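Following: one structure in structure tokens, then a few remarks.
The values are calculated or read from the model by the stated rules, or taken from the named source; none is laboratory data. Values in this document were obtained by computation on a predicted structure and should not be read as measured data. All Cβ positions, even for glycine, are placed from backbone atoms using ideal geometry, and neighbour counts span all protein chains on display. Calculation scope for accessible area: heavy atoms of the full protein, side chains included, ligands and nucleic acids excluded. Shrake-Rupley method; radii C 1.70, N 1.55, O 1.52, S 1.80 Å.
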Amino acid sequence: MSLAENETAVALSALVPELRTICGENGVLTDHSQRRTYENDGLAHHREVPGVVVLPTSAEQVAAVVRLCHERGVPFVPRGAGTGLSAGALPRAEGVLLVTSRMRRILEIDIANECAVVEPGVANLDITRAAAPHGYYYAPDPSSQQVCSVGGNVAENSGGAHCLKYGFTVNHVRGLDVVTPAGDLVRLGGKAADAPGYDLIGTFVGSEGTLGVATRVVVNLTRSPEKTVTLLSAFQSMDAGGHAVSSIIGEGVLPSAIEMMDALAIEAAEAAVACDYPAGAAAVLVVELDGPTEEVDAQVEQVERLCAEAGSFETRTASGAQERALIWKGRKSAFAAVGRISPSYIVQDGVVPRTALPEVLRRITELSAESGIRVANVFHAGDGNLHPLVLFDDAEPGAWDRAEEVSAQILDLCVEHGGSITGEHGVGVDKACKMPRMYGPDDLETFDLFRRSLDPEGTANPDKLLPTPRLCGEQPGVRHEVHPLVASGQAEQF
């Protein structure tokens, strides 16, 4: 053990008795095998065993832990359910991992004010389950909503298949109780729909744990729609499918979701779940419409017509829950199903304007042909959020390098067309060194100045979101197999 490592171990050992005073004997984990349970989030390529794991059960305990870390100069990393895909909750070997999974009470379902008050460890879908008897639900729906926590959704500003119509987490958060990096407990907003002054909630949501820890969240509840209809439309080219998307939005129809898959993704889904999509399709669209019955019925006719005009050779319409589930089955399985047709793959998460979809998708096809690296496209077409899956065999010499080059070129394409390097997975560790593709030195310095103004010591989730020399020497993550949560049926990946 080096001198620095020894000093770190001594500092953490000195911290443990005080942490146990705060969180109790069972709320502090020091055994290596227990700590190793938390060494990574959903992006398993990045791993680090945390120095100490704490599991607080109250906001006061969170504040006390963070205050202690601040006083001792020890870094801390907030973590929710660990389903993130950017290594945003990657622990520090010399730090404290602060896990909010035991703070999972739904404190209030306030139908009169159409909101819910929850602790950060509450699973996303549990809010909908609690609100459903009252005719309401929680609209943001990350693919892992059965297990992902609201605190993590707030940290990453999570989206989902239905964010086209309903927006991201930030559009549904009214209030937050936050523990600052100095350990102060502050309240931002509340049950009111809006609050005067600077948008501090908007600043905190999506800050990836670098500005503190949410301990209480007030979220909007949305009234359940009168009717929901799902359509599946098949096309003989990706261009035709992209044209259909632009036509649907351009005619004033706002679906709750428009999802798209290419032939390779369809092949994987068929191999995995036998979803029985139309044979010979080079692309399929899954379009979901919801709202008042008369409006939805009219929109269904519009979508069917626009898809036909764009070149669709088959459109299926489902109105019942069972038929809807059958249509969604292939789409929801596609991400993990890629493991059926490739030993390894890189997960990407870029965004482009809808109007740029056809050109960007054509260029991705060209990049694939030029490199010999297959790319399966599965994405939220309505808001241009691409999830290209770059397939390769890491047993083949040089395959990783070629796949990573294609992956990087796809992100460059997104930025060149006025898009972003991430739409919903966040930056975390995985994309921190890609931030200069979007922002210049002055922008990044401004971000850092703002972050440092709230966390001068840099103890709150360090080395995330903004690039550092150490991070820029690291490689982004590779997916070798289906995530365990997906394999067990607890989560779905889009």
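Distance between the 7 Å Cα→Cβ label points at Gln409 and Asn113: 5.4 nm. Dividing the Cα radius of gyration of the stretch 156-250 by 2.2 N^0.38 Å, with N the residue count, gives 1.50. Counted residue by residue at 0.36 nm each, then reduced by the alpha carbon distance between them, the extension gain from Ser33 to Leu444 reaches 144.2 nm. The chymotrypsin sites (Phe, Trp or Tyr not before Pro) of the stretch 134-225 that DSSP puts in a loop, and whose beta carbon has at most 12 other beta carbons within 10 Å, are Tyr198. When the Kirkwood radius is taken over all Cα pairs of the chain, what Stokes-Einstein diffusion coefficient follows at 37 °C and 0.692 mPa s, in µm²/s? My calculation gives 140 µm²/s for D.
Each distinct pair of alpha carbons in the stretch 227-416 adds a 1/r term; the inverse of their mean, the Kirkwood radius, is 16.8 Å. Normalising the Debye intensity of the stretch 3-101 to I(0), with uniform scatterers on Cα atoms only, and taking log10 at q = 0.17, 0.22 Å⁻¹ returns -0.69, -1.14.
For Leu107, the residues whose amide H sits under 5 Å from its own are Val117, Val118, Glu119, ignoring neighbours fewer than 5 places away on the same chain, with H placed 1.01 Å from N. Per the Kirkwood formula applied to alpha carbons, the stretch 270-346 shows a radius of gyration over Rh ratio, Rg over Rh, of 1.03.
Directionally averaged projected area (the stretch 106-223, Cα convex hull): 6.8 nm². Per-peptide packing, taken as the mean over residues of other Cβ atoms within 10 Å, places 126-135, 54-63 in the sequence 54-63, 126-135 from highest down.
Couplings 3J(HN,Hα) for the stretch 30-47, derived from phi with the Karplus relation 6.51 cos²θ - 1.76 cosθ + 1.60 (θ = phi - 60°), are 10, 5, 4, 5, 6, 5, 5, 4, 9, 6, 8, 9, x, 9, 6, 5, 8, 9 Hz, where x marks Gly and Pro.
Where q = 0.09, 0.11, 0.18, 0.21 Å⁻¹, what log10 of I(q)/I(0) comes from the Debye formula for the stretch 356-473, counting one point per Cα? One equal scatterer on each Cα of the stretch 356-473 leads to -0.31, -0.45, -1.00, -1.20.
Phi angles of the stretch 76-82 translate, via the Karplus equation with coefficients 6.51, -1.76, 1.60 and θ = phi - 60°, into HN-Hα couplings of 10, 10, x, 9, x, 8, x Hz per residue; Gly and Pro are given as x.
For the set Thr169, Thr180, the ranking by accessible area, highest first and with no ligand, DNA or RNA atoms included, is Thr180, Thr169 under a 1.4 Å probe. Taking every alpha-carbon pair in the stretch 112-165 and binning the separations at 5 Å intervals from zero gives 4, 21, 31, 26, 15, 3 percent. Normalising the average separation of contacting C-alpha pairs (under 8 angstrom, six or more residues apart) by the number of residues puts the relative contact order of the stretch 12-87 at 35 percent. In this label model, Ala369 and Gln322 are separated by 4.5 nm, measuring between points 7 Å along each Cα→Cβ vector.
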